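Have a look at the structure below, then the notes.
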Amino acid sequence: MSQAAAAVAERSPGPTPRQPAGSDFAPLLRTVKEQGLLGRRTGWYARTISVNALALAAVATGMFLAGGSWWVLLLAPVLAALCARTAFIGHDAGHSQITGDRGVSRAIGLIHGNLLLGMSSAWWNDKHNRHHANPNHIDKDPDVAADVLVWTSKQARVRVGFRRWLTRNQAWLFFPLTLLQGIAMKIYGFRDLRRQAPRERLLEGLLLMAHLAGYVTLLLAAMPVSHALAFAAIHQALFGLHLGLAFAPNHKGMEMPDPDGERWGHLSRQVLTSRNIRGSALTDWFLGGLNYQIEHHLFPSMPRPSLRRAQPLVRAHCAELGMPYTEAGFVDSYRQVLRHMYEVGEPLRVE
């Protein structure tokens, strides 16, 4: 086994930096509350939702106007970007960032998730809440469970057949596979209907079917079948890629708690497993605020526009405690993720 592969084998579980007591989160929480950073930003979200809805309507109109020409395909990347914005709104609603009213939050999530994207908000919230409770915990976080990709050498060693080949080459295949992410999330949502209570299943299922019917109707009404097939392929692929670019750098390659070791406090559990992405307002827009992953995990209900203001407070608090606070540039963050994936699969390449 190479030194790189050995390092990954030891990373899960890895050496744990100094672990502050759980009470060390309390002063930070108090400061954040005193500065009003947990307060609702209703006006900001109202504008964001309205602008997104108008932009979606404008693209739909453009599809009808240009549907007879292959130039209509230029609207597919635009629609993919807007659908990612729609997903970010649904994500924020699931965390009660937009409003404290659970009914309104659920309605926003159903509209933006199920109806507009064909992605089950109940499935997403269940999966995402388990992730937030135990990020990067190999037994409890569904985002690091062995599936198409794996995240530890232990997971890699038991792969067989085609999945073994995938693991050997997963670093090279990562971005191509994200092109299927949007479709995969739709399928997972339909599968999750069996888990849901009958009333919830009916509502979620009807909205998912309404999205599917509306999407197909829009494409076929706006353009010929050949154009529609090409448009759907480009739109769904770029939507999946956009989501993959937003989600991938947040935790992959970061610390993974020892399932049998000492239980981490909230501050350690969220900070040590998360990676922030440096950048400008454009980065905030492109990644939907998920570039402030540490702050988001510490304060899941904090409105998206407040995350940037909370960052200096969190960074200073971590420095005071001697706790690592990880930030990376946009490109370097993906380099770190791909390097981790490459090292995880290395033992299978040197057999």
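Coordinate-derived values only; no laboratory data. In this text, all values refer to a predicted model and were calculated from it rather than measured experimentally. For neighbour counting, all protein chains shown are included, and Cβ atoms are generated from backbone atoms with ideal geometry for every residue, glycine included.
Observations
- Theoretical FRET efficiency, 1/(1+(r/R0)^6), r = Cβ-Cβ of GLN35 and GLU200, R0 35 Å, to 0.05: 0.40
- Lysine pairs in the chain whose alpha-carbon atoms fall under 19 angstrom of each other, counting only those eight or more residues apart or on distinct chains, come to 6.
- Put simply, the amide H of GLU327, placed in the peptide plane, has neighbours under 5 Å in ASN276, leaving out anything fewer than 5 places away on its chain.
- Peptides ranked, highest mean first, by Cβ atoms within 10 Å: ranges 60-71, 306-317: 306-317, 60-71
- Vicinal HN-Hα couplings computed from phi for region 141-158 (Karplus, 6.51 cos²θ - 1.76 cosθ + 1.60; Hz; Gly/Pro x): 9, x, 6, 10, 6, 5, 9, 4, 10, 10, 10, 9, 5, 4, 5, 5, 5, 9
- Prolate/oblate/rounded label for region 187-259 (Cα gyration tensor, a/c 1.5): oblate
- The chain: Cα Rg divided by the 2.2 N^0.38 Å rule of thumb: 1.03
- Axial C-alpha extent at least 15 Å, average Kyte-Doolittle at least 1.6 - helices from the chain (DSSP): none
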